[in-house]
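Below is one structure, written out as structure tokens; comments come after it.
Readers should treat all values here as calculations from the given coordinates under stated rules, not as data from a laboratory. In this text, all values refer to a predicted model and were calculated from it rather than measured experimentally. In this analysis, Cβ positions are derived from the backbone assuming ideal geometry, glycine residues included, and neighbour counts consider all displayed protein chains.
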Amino acid sequence: MSFQGIIQFVLDYRKVVIILLTIAMFAGLGQTLRLLEVNNTLSIWFLEDNAAYQEYLTFQEEQGSDEVIIVMIPTEDALSENHIAKLQKLHQKTDSLPYVKETFSLANAKYPIYSNRKIYYRNIYQANRSRENTEKLLAEIPAISQQLLSKDKLFSFFYLQLIPSNRLNDNRTQIIEEVRNIIETSVEQSHISGAPILGQSFNKTIYDESNFFGTITVIVILGLLFFLLPHWHYVPIAFMSFILPVSITYGLMTSMGYSLNLISMLIPTILMIYSVSDLIHITNIFHIYRIENPNQSRSNQIKIAFQESLKPCFYTTLTTIIGYLALVLSPLPAFKIMGFFTFVGLVLAFCLVYVVAAIGFSFLNETSRNASVKKINISSITQRINYWTTHYNSAIIGIGLLIFILGTISIFSIEVSTNSLDLLGEGKVKNDLEIIEDKLEGSIRLQLNISSTKEASLLSKSELSKLKQFQEKLDNNKLIAHPISIVNFKSFLESRMSSFSKINSVNFEKVIKKNQESSNAFFSLYGDDFSYVAININIKELATKELRPLLKTIKNDFKATFPEEEYGLKIHGFSEIFAQLNTFILQTQFRSFGAAFFISFCILFYFIGQFKMSLLVLIPNLLPLFSAFIVMYLFGIHLESANAMLAPIMLGVAMDDTIHLINKFKHYQSENLSTSESIDNALTHTGGALFSTTISLVCGFLIVGLSSVSSVSTFGLLCAFTILAALLADVYFLPALLKRFEKR
């Protein structure tokens with residue numbers, strides 16, 4: 001069936017189609033409301049077959065979860081009996097919870113004593129112990145005491161170690177809320193942070209931002225449509241054209257078990273602004289044709305106008321789709337999900353905009369026909385642009401080449417780094433994190449497991465000496481706080497008890513192996529089978545550009561202390577996995593942009609039919625990207641998790657206006673006009689539509705720029721800038737290139 005035949009079929013059975021579309025829309029909305037969940041956990045950033053991710057899950061399951069909630073409690077005196085009583089009540093309320101693995105604070109922290117060849121454990125705080133003795137005891141175990149209370153004793157810290165992440169995901173939100181309620185009802189004031197709290201805050205921010213973007217986008221687009229469409233009668237049609245694909249796409253996504261995340265929350269805004277862009281082109285073409293051919297039947301007006309709009313709209317949609325579909329090549333699941341469902345949504349949007357427009361236009365009365373097409377009055381502007389591109393094309397091309405050169409230099413100067421704080425919205429959670437890290441010097445745990453490839457004991461004198469040297473190097477690193485290992489345990493016993501200091505290394509190992517009761521299960525000091533010894537360290541929330549050098553320094557310090565051929569080091573914890581994002585972000589850029597670039601050129605070549613001209617047309621579409629690279633360099637914007645998809649997406653967007661312009665350019669060339677006349681007439685004819693769609697796209701991405709999440713906001717603003725740059729490249733650089741190199 002031909003395209004016009006499909007449109008006629010829709011018109012003939014429009015009532016049935018309306019019923020089916022209504023059912024599909026409400027089914028999609030129903031599924032979304034019923035099944036929509038938010039998931040921004042580590043699983044969306046790593047594939048299940050990723051070895052490092054699997055190793056991290058195994059570590060959590062076997063050695064200790066780093067899902068740790070940190071509570072900083074203000075108090076007049078952290079060593080007062082009243083404050084300890086509050087901590088004890090908090091322990092009582094949380095220790096029995098099924099999802100809590102361990103709790104730790106001054107109220108239950110213990111220290112070791114050695115007697116009769118056995119190690120016993122006693123509470124650091126005891127009501128009958130004098131304050132002076134308690135302070136002296138704490139001073140002898142500084143690595144632990146600094147994690148229990150602040151130096152001025154005006155704050156104490158309470159820790160809840162939850163069960164591993166993969167067992168939390170199903171009920172994560174309810175669990176975190178329950179813990180928060182227990183804390184807030186047990187103490188008057190508190191600052192709460194840690195990985196679970198930050199994760200929940202990410203999820204809440206994503207949900208709130210998604211609702212915000214959706215609402216504001218609808219309001220802004222409806223406002224724009226009153227100015228960009230010929231008559232307000234077209235506005236309800238436009239509204240349905242973008243509501244339908246959004247509701248159906250989200251219904252499909254949630255039905256297939258996918259959750260909302262930091263990246264996929266942008267899908268509704270993207271679908272709405274692209275749907276509107278196509279509708280503006282289709283509506284203006286239909287309205288003009290309707291005015292010029294008043295005696296034709298409404299169905300003929302619709303079919304012929306739609307046929308005229310089909311080719312450019314199809315190719316612009318195709319290039320846009322390629323930009324998003326290229327994200328499927330990313331190694332990051334979040335981008336794969338974003339690319340696939342945006343692709344599905346854009347295909348639906350392209351198809352449905354014609355169906356909805358056909359049905360809507362068929363119901364229009366004659367009042368709307370009398371309105372003039374509301375375009376920006378650009379006749380004088382296009383005339384001026386045509387004059388400049390004719391007389392100053394060399395200068396325009398020179399400016400473009402300069403942008404390419406500066407952009408190329410900028411590419412190699414842009415840092416690749418994701419800062420988790422930029423993914424966190426402004427508010428109490430972020431403030432609490434900053435306050436806790438200021439006092440505690442670190443909120444994230446890493447566990448360094450040291451193993452031996454030979455059969456020598458890791459608890460022998462020589463091995464413990466190496467461990468001590470390695471730990472001292474860690475302690476001197478400004479980015480690392482409070483390293484704790486068996487060395488602290490041994491040093492404390494030796495300093496307090498002369499009988500223990502006389503134990504040789506062989507007997508020390510025997511004592512440790514006979515007394516495996518843990519003094520503080522919150523810290524892992526060695527494996528159950530003594531196959532490794534561990535150092536626990538704290539670090540702050542660091543960007544990946546800081547994490548990678550830190551982890552490299554740790555590994556280098558280890559190699560400088562332990563012979564590499566005899567010992568192995570494994571770094572476990574979320575930060576070690578998070579540091580790998582840089583590699584995946586670069587892979588996303590190269591794979592996705594490479595695929596989008598190649599396919600886009602093939603589409604242009606097929607559309608234009610000439611290699612030289614296809615190349616000339618493609619060059620201006622790269623100019624906006626190089627302009628964005630310059631902006632990123634000048635403003636110190638890193639390439640990170642959100643804007644990693646900028647290049648492939650914006651390449652597709654930039655080509656939309658180019659194809660509309662070149663479509664008219666080819667039409668005028670077929671009438672034997674010169675290249676200069678053809679491109680001038682094409683710009684004059686399409687200028688209004690180019691400006692209209694650019695305005696709608698820029699406004700849509702500026703809405704994303706309003707995000708309270710710094711990373712998402714930056715992405716939105718960069719997209720808005722790139723789209724404006726794409727318009728300038730299309731109306732200045734492209735005509736200048738054609739007039740210079742495609743003379744006829």
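How big is the range 651-744 in terms of Cα radius of gyration and Dmax, in angstroms?
15.7, 54
Picking from V10, P142, I270, whose Cα lies most toward the positive end of the charge dipole for the chain (charges on Cβ: Lys, Arg +1; Asp, Glu -1)?
So the residue we want is V10.
Give the angle, between 0 and 90 degrees and rounded to the nearest 10, that separates the Cα long axis of helix 581-608 from the longest principal axis of the Cα atoms of the chain.
Approximately 10 degrees, to the nearest ten.
Of K478/K540; K151/K555; K454/K559; K86/K136; K490/K555; K478/K555, which sit over 19 Å apart, Cα to Cα? Before the final figure, lay out the partial values.
On the way: K478/K540 11 Å; K151/K555 31 Å; K454/K559 16 Å; K86/K136 23 Å; K490/K555 24 Å; K478/K555 16 Å.
Over 19 Å Cα-Cα: K151/K555; K86/K136; K490/K555.
From the C-alpha coordinates alone, can you work out the Kirkwood hydrodynamic radius of the chain, in Å?
Numbers: mean 1/r = 0.0340 Å⁻¹.
Evaluated over the chain, this radius sits at 29.4 Å.
With just the Cα atoms defining each centre, how far is the range 575-599 from the range 205-273? Give it in Å.
Taking the Cα centre of the range 205-273 as reference, the centre of the range 575-599 is 28 Å away.
Take the Cβ-Cβ distance between Y392 and L310 as r, set R0 to 30 Å, and report the resulting FRET efficiency rounded to the nearest 0.05.
Numbers: r = 36 Å, r/R0 = 1.20.
Approximately 0.25, to the nearest 0.05.
Using helices alone, I'd like the mean residue ellipticity at 222 nm for the chain: each DSSP H run of four-plus residues gives -39500 (n - 2.57), total over residue count, nearest 500. Please report the intermediate quantities before stating the final value.
Details: 27 runs with 470 residues, N = 744.
Taking each H run of at least 4 residues, the total per residue is -21500 deg cm²/dmol.
Give the calculated FRET efficiency between N672 and F605 to the nearest 0.05, with a Förster radius of 25 Å applied to their Cβ-Cβ distance. Before the final figure, lay out each step's value.
Working: r = 24 Å, r/R0 = 0.94.
For N672 and F605, the calculated efficiency is 0.60.
Among V731, G323, I163, whose Cα sits farthest toward the positive end of the charge dipole of the chain (+1 at Cβ of Lys/Arg, -1 at Cβ of Asp/Glu, about the Cα centre)?
Working it through, the farthest residue towards the positive pole turns out to be V731.
If packing is taken as the mean number of other Cβ atoms within 10 Å per residue, what is the order of 720-727, 311-318, highest first?
720-727, 311-318
Report the trypsin sites (Lys or Arg not before Pro) located in the range 381-478 that are in a DSSP loop and have at most 13 other Cβ atoms inside 10 Å of their Cβ, or state none.
Working: sites: R384, K428, K430, K439, R445, K454, K461, K466, K468, K473, K478; in loops: K454, K478.
Passing both the DSSP loop test and the Cβ count: K454, K478.
So what are the radius of gyration and Dmax for the Cα set of the range 144-224, in Å?
Every Cα atom of the range 144-224 included, Rg and Dmax give 18.4, 61 Å.
Roughly speaking, what is the stretch gain from K101 to K118, that is 0.36 nm per residue apart minus the C-alpha to C-alpha distance, in nm to one decimal? Before the final figure, lay out each step's value.
Numbers: separation 17, 0.36 × 17 = 6.12 nm, distance 2.68 nm.
Answer, rounded to one decimal: 3.4 nm.
Applying 1/(1 + (r/R0)^6) with R0 = 22 Å to the Cβ-Cβ distance of T453 and T583, what FRET efficiency is obtained, to the nearest 0.05?
Working: r = 27 Å, r/R0 = 1.25.
Rounded to the nearest 0.05, the efficiency is 0.20.
Among rounded, prolate and oblate, which fits the range 258-393 when a ≥ b ≥ c are the square roots of the eigenvalues of its C-alpha gyration tensor, a/c under 1.5 means rounded, and a/b larger than b/c means prolate?
Note, shape of the range 258-393 comes out oblate.
Give the span of the range 398-488's Cα atoms along each principal axis, as three whole-Å numbers ordered largest to smallest.
71, 40, 21
Using Cα-Cα distances under 8 Å and only pairs 6 or more residues apart, what relative contact order does the chain have, in percent? Write out the running numbers ahead of the final one.
Numbers: 1135 pairs, mean separation 140.0, N = 744.
RCO, the chain: 19 percent.
If you average the alpha carbon positions of the range 677-696 and of the range 429-453, how far apart do those two centres end up, in angstrom?
If you average the Cα positions of each part, the centres end up 55 Å apart.
Please give the charge dipole size of the chain, origin at the Cα centre, charges +1 on K and R Cβ atoms and -1 on D and E Cβ atoms. Round to the nearest 20 debye. List each step's numbers first, then the result.
On the way: 60 positive and 61 negative charges, 114 e Å.
Dipole of the chain, to the nearest 20 debye: 540 debye.
Of all alpha-carbon pairs in the range 1-134, indicate the percentage at a distance above 20 angstrom. Walk me through the numbers before you get to the answer.
Working: 6556 of 8911 pairs.
Cα-Cα pairs in the range 1-134 separated by more than 20 Å: 74 percent.
Say each of L29 and M497 gets a label point 7 Å from the Cα, pointing the same way as Cα to Cβ; how far apart are those two points in nm?
According to this spin-label approximation, the distance is 7.1 nm.
Rank N40, T342, A682 by how far each Cα sits towards the positive end of the charge dipole of the chain (+1 on Lys, Arg Cβ; -1 on Asp, Glu Cβ) and give me just the farthest.
The Cα lying farthest towards the positive end belongs to A682.
Take peptides 622-631, 728-737 and line them up by average Cβ neighbours within 10 Å, highest first, as a rough protection proxy.
Details: 622-631: 22.4, 728-737: 24.5.
Answer by packing, highest mean first, reads 728-737, 622-631.
Under a point spin-label approximation (7 Å from Cα along Cα-to-Cβ), what is the K439-I409 distance to one decimal in nm?
4.9 nm
Rg to Rh for the range 238-285: what is it, with Cα atoms only and Rh by Kirkwood?
Over the Cα atoms of the range 238-285, Rg/Rh equals 1.07.
Per 0.36 nm of contour for each residue apart, how much would the distance between Q126 and F3 grow if the chain were fully extended, relative to their Cα-Cα spacing? Each step should come with its number before you reach the end.
Values: separation 123, 0.36 × 123 = 44.28 nm, distance 8.45 nm.
Stretched fully, the Q126-F3 segment lengthens by 35.8 nm.
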